[in-house]
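S.K.: Please find one structure pasted underneath; my questions will follow.
The values are calculated or read from the model by the stated rules, or taken from the named source; none is laboratory data. Note that the coordinates shown come from a computational prediction; the quantities given were computed from them, not determined experimentally. Cβ atoms come from the backbone with ideal geometry, glycine included; neighbour counts cover every protein chain shown. For accessibility, only protein heavy atoms count, side chains too; no ligands or nucleic acids. Shrake-Rupley method; radii C 1.70, N 1.55, O 1.52, S 1.80 Å.
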Amino acid sequence: MTKSVFLGTVAAAGLCAGFASAATLDDVKARGELNCGVTTGLVGFAAPDANGNWSGFDVDVCKAVAAAVLGDATKVKYVPTTGQTRFTALASGEIDLLARNTTWTFSRDTDLKFTFVGVNYYDGQGFMVRKDLGVTSAKELEGATVCIQTGTTTELNLADFFKTNNLSYIPVAIETNAEGEQQYLAGACDTYTTDASGLASTRAALADPENHVILPEIISKEPLGPLVRHGDDQWADIARWTLNALIAAEEYGITSANIDELAKGTENPEINRMLGNEGDLGAMVGLDAQWAYRAIKASGNFGEIFAANIGESTPIGLARGLNAQWTQGGLLYSPPFR
Amino acid sequence: MAIVTEAPKAGFRLSMLIYDTRYRSITIQIVVLLLFMAGAAWLVDNTVRNLQALGKDFNFSFLWNRAGYDINQRLVEYTNDSTHGRALLIGLLNTLLVAAMGCVTATIIGVFVGVLRLSKNWLVARLMTVYVEVFRNVPVLLWILIIYAIFTEVMPAPNAFRGEAATSSMVLFDSFAFTNRYAAAPEPLFSRSLGNIDIGIFLISIDLLAIIAAITGGILVNRAIKAHATRVQEATGVRPVTWWKSLLVLFGPLLVVLFALGFHLGYPELRGFNFVGGTLISNSLMALWLALSVYTGAFIAEAVRAGILAISHGQSEAAFALGLRPGRTMNLVILPQALRVIIPPLISQYLNLTKNSSLAIAVGYLDLRGTLGGITLNQTGRELECVLLMMLIYLALSLLISAAMNVYNNSVRLKER
């Protein structure tokens with residue numbers, strides 16, 4: 001097994017010899033399909049339905065990029081990745097874009113040679129416990145058994161949190177969210193910890209969400225965002241500005257309902273520039289003038305995507321909080337389209 | 001009439017490399033070797049160039065950085081402040097632990113099942129056949145997962161042991177608790193402990209060394225007593241009674257040492273979320289151990305059966321003719337000879353078991369694959385270094401097991417005089 005992993009790595013490295021250096025944009029266009037890395041299944045963020053159609057908050061980022069680049073939001077091949085396999089998949093060129101609630105950290109950005117193109121969800125790590133345990137704070141978790149996904153930043157935060165608060169715990173390493181859910185439900189761990197958004201999603205998918213609570217402590221900063229390989233700045237620009245277009249669209253009130261109207265021309269020059277009626281922003285990133293129009297059209301602006309997948313009207317029921325526009329007291333702030 | 005013909009001049013032509021049988025095999029070998037080396041060089045060169053293209057370097061300095069993660073099952077001291085190198089050591093020790101435990105139980109299971117499968121008792125023989133065929137023909141990963149799932153789903157949570165209305169209770173005088181997370185067992189404690197020796201990498205308990213010394217000493221003296229008894233028997237024909245001497249030398253020193261060290265048991269008790277005090281043996285370790293044992297045991301059983309069948313039937317007939325009962329025939333005549341046939345396949349089963357232990361990741365048991373090849377690899381992003389190091393360690397481990405078993409194989413080999 002070990003051997004095959006290595007040979008696989010070597011073979012992948014070999015096959016992708018020319019791959020990593022060539023322009024990702026050309027590869028994607030030639031392939032006619034965007035390879036997008038997502039989770040193995042986290043309801044609301046990325047999960048396949050009964051027919052195998054993927055949907056979710058992260059999936060919509062993939063769709064927007066595919067729409068901008070290829071002109072068709074359905075031309076995406078979703079590659080499920082675990083916390084362990086995601087970086088290898090991206091580094092080896094198996095996927096072009098990783099949109100898998102991945103935390104933006106210094107070492108991932110620099111040492112692992114990736115480029116984070118922005119933040120699509122400001123998150124923090126939390127704990128979920130059964131209500132009947134009577135625990136109201138994470139600081140009461142002395143000696144608890146904690147289920148934790150390996151290969152994640154949460155694993156390190158967990159160790160730091162318990163160390164800082166002088167508490168002991170028993171970690172149980174698990175591979176995927178589904179496995180964590182199963183272990184937690186079987187009572188093999190007292191608490192399950194991951195990003196608070198992931199907990200909300202997991203809790204919503206339980207048979208009895210009312211019997212489980214998410215503790216108030218948020219023990220870390222987890223800015224989640226899509227990322228690409230180092231070294232292809234044009235591709236990074238495309239991903240970055242597609243995400244920014246979604247965010248700016250919400251700020252300027254461009255929605256999937258009125259975008260066709262606005263695309264005919266408006267009084268606002270910035271909207272005109274974004275939607276391709278003025279200037280040549282598209283050509284600057286190697287795309288046509290309509291790229292942002294198609295990206296927004298795919299699943300709506302950031303606010304619409306949020307509301308449809310994880311917002312308060314969905315079972316996951318996340319409030320906008322930090323993820324509101326800067327004008328609403330949140331952290332979302334797109335640089336100007338100019 | 002002798003005609004002396006001049007031998008043709010032995011000139012060397014290039015075509016002889018192919019058409020002359022004296023050179024052909026060497027030519028082929030050289031060509032294949034060159035191709036192999038070119039392939040290897042291509043792989044290395046490709047890796048180096050791709051690493052450069054990605055802007056990654058190749059070094060192992062990360063092993064001295066702080067690991068930052070915790071490991072629940074460990075044999076020596078480790079905290080999240082320890083280095084990645086130490087996490088590697090913990091993983092290696094965990095691998096060795098489960099491999100050693102697995103090899104011992106698999107051998108015991110294998111020998112019993114292999115012998116019983118040849119039993120004349122129809123039911124016993126068929127039952128053993130069913131065992132072998134079922135366990136041998138289902139992938140070991142599934143066995144690991146099934147056994148782990150049984151532990152997790154069927155056993156009670158620690159909470160069930162709590163309070164007056166507890167639905168589960170501890171067994172064996174309240175000393176063992178089997179939960180869906182771990183088995184809590186009493187731990188040996190010494191009130192007059194001699195402390196530890198620090199050998200640089202980890203601490204070794206002097207208490208443990210003293211106990212091992214007492215046991216080894218007892219065994220050696222017992223052997224001398226038995227040898228003496230045999231000599232007396234050969235000289236006089238009467239074997240002196242030795243059982244009480246054996247008992248005394250085997251257990252006397254051990255009891256004295258234990259008493260001197262103030263040996264007592266620390267019982268686990270439920271406090272907070274989990275049992276504390278005592279030793280916690282995680283279910284992942286037990287599931288992995290059990291699954292590897294029963295799976296490999298099935299293969300060993302077949303090797304044992306083959307070994308026994310390889311011994312000529314005349315051997316048992318001769319033994320019966322001498323008046324030996326079936327049990328003694330098996331122990332004294334058949335098995336010692338069968339060992340020669342059994343040991344070589346047994347070596348490869350031990351190697352398989354050790355390598356299969358890397359499936360531990362499936363149940364979250366942090367062995368070498370889980371620490372170095374799992375968390376460390378992920379947190380540092382050093383795939384190539386970690387995987388290469390892991391391969392080297394498994395390779396070294398396998399070669400060591402092979403070497404040790406080969407020494408044993410040589411000792412039981414048919415001695416030709």
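S.K.: Let me confirm one metric for peptide A:109-118, namely the mean number of other chain beta-carbon atoms within 10 Å of its residues' beta-carbons.
M.R.: For peptide A:109-118, the averaged partner shielding equals 2.
S.K.: Here's another thing I want to ask about it. Give me the net charge for the shell around B:Gln52: Cβ to Cβ below 15 angstrom, other residues only, Lys and Arg +1, Asp and Glu -1.
M.R.: +2
S.K.: Next up: For segment A:241-272, which GluC sites (Glu not before Pro) pass both filters: DSSP loop (anything but H, G, I, E, B) and at most 12 other C-beta atoms within 10 Å?
M.R.: A:Glu267
S.K.: Here's another thing I want to ask about it. Can you name the helices of chain A, as whole DSSP H runs, whose Cα span along the helix axis is 18 Å or more and whose Kyte-Doolittle mean is not below 0.0?
M.R.: Helix filter hits for chain A: A:2-15, A:57-70.
S.K.: Another question about this same structure. Between B:Leu339, B:Leu248, B:Leu96, which gets the highest mean-square fluctuation from a Gaussian network model of chain B, Cα cutoff 10 Å?
M.R.: B:Leu248
S.K.: Taking the Cα centre of chain B as the origin and placing charges on Cβ (Lys, Arg +1; Asp, Glu -1), which of B:Ala306, B:Leu353, B:Ala100 is farthest toward the positive end of the dipole?
M.R.: B:Ala306
S.K.: Shifting gears a bit: What total accessible area, in Å², is buried where chains A and B meet, using a 1.4 Å probe and rounding to the nearest 100?
M.R.: Buried area (both sides, nearest 100 Å²): 3800 Å².
S.K.: Check chain A and count each lysine pair with an alpha-carbon distance under 19 angstrom, considering only pairs eight or more places apart or from different chains.
M.R.: Qualifying lysine pairs in chain A: 12.
S.K.: Something else now. Counting other Cβ atoms within 10 Å of each Cβ, which GluC sites (Glu not before Pro) in segment B:350-417 have at most 16 and sit in a DSSP loop?
M.R.: When the GluC sites (Glu not before Pro) of segment B:350-417 are filtered for loop state and at most 16 Cβ neighbours within 10 Å, B:Glu416 remain.
S.K.: Please give the charge dipole size of segment A:125-220, origin at the Cα centre, charges +1 on K and R Cβ atoms and -1 on D and E Cβ atoms. Round to the nearest 20 debye.
M.R.: The calculation lands at about 140 debye.
S.K.: So what is the relative contact order for segment A:125-220, in percent, with contacts set as C-alpha pairs under 8 Å and at least six apart?
M.R.: Computed value for segment A:125-220: 49 percent relative contact order.
S.K.: Could I ask something else about it? Let me check something: with ligands and nucleic acids excluded, how do A:Tyr252, A:Tyr169 order by accessible area (1.4 Å probe), largest to smallest?
M.R.: Solvent-accessible surface, decreasing: A:Tyr252, A:Tyr169.
S.K.: On a straight-distance basis, which lysines could pair with B:Lys226 in a cross-link, Cα separation under 19 angstrom, same-chain partners fewer than 8 positions away excluded?
M.R.: The qualifying lysines are B:Lys245.
S.K.: Within 10 Å of each Cβ in B:373-380, how many Cβ atoms from other chains are there, averaged over the peptide?
M.R.: For this peptide, the per-residue mean of nearby foreign Cβ atoms is 6.
S.K.: Turning to a different aspect of this structure: Show the residues, 5+ positions off or on another chain, whose built amide H is closer than 5 Å to the amide H of A:Leu167.
M.R.: Amide H neighbours of A:Leu167, under 5 Å, 5+ apart: none.
S.K.: Something else about it: From Cα pairs below 8 angstrom and at least 6 apart in sequence, can you work out the relative contact order of chain B, rounded to a whole percent?
M.R.: RCO, chain B: 21 percent.
S.K.: Within 10 Å, count the other beta carbons around each residue, average over each peptide in B:231-239, A:61-69, B:315-323, and list them highest first.
M.R.: Descending mean neighbour count gives A:61-69, B:315-323, B:231-239.
S.K.: Continuing with the same structure: Taking the Cα centre of chain A as the origin and placing charges on Cβ (Lys, Arg +1; Asp, Glu -1), which of A:Leu199, A:Thr154, A:Ala91 is farthest toward the positive end of the dipole?
M.R.: A:Ala91
S.K.: Continuing with the same structure: Residues with beta-carbon under 12 Å from that of B:Ser246, excluding B:Ser246: net charge, scoring Lys, Arg +1 and Asp, Glu -1?
M.R.: +3
S.K.: What's the average, rounded to a whole number, of partner chain beta-carbon atoms within 10 Å of each residue's beta-carbon in A:187-196?
M.R.: The mean count of partner-chain Cβ atoms within 10 Å per residue comes to 4.
S.K.: Which order do the peptides B:29-36, B:123-130 take when ranked by the mean count of other beta-carbon atoms within 10 Å per residue, highest first?
M.R.: So the order, starting with the most tightly packed, is B:123-130, B:29-36.
S.K.: Report, ordered by chain and residue number, the aspartates and glutamates lying within cross-link reach of B:Lys355, taken as a straight Cα distance under 14 Å and ignoring same-chain residues fewer than 8 apart.
M.R.: B:Lys355 reaches B:Asp367.
S.K.: Indicate the helices, whole DSSP H runs only, in chain B that combine a mean Kyte-Doolittle hydropathy of 0.5 or more with a Cα extent along their long axis of 15 angstrom or more.
M.R.: Sorted by number, the helices that extend far enough and score high enough are B:21-54, B:84-116, B:122-136, B:140-154, B:206-236, B:243-261, B:283-310, B:383-412.
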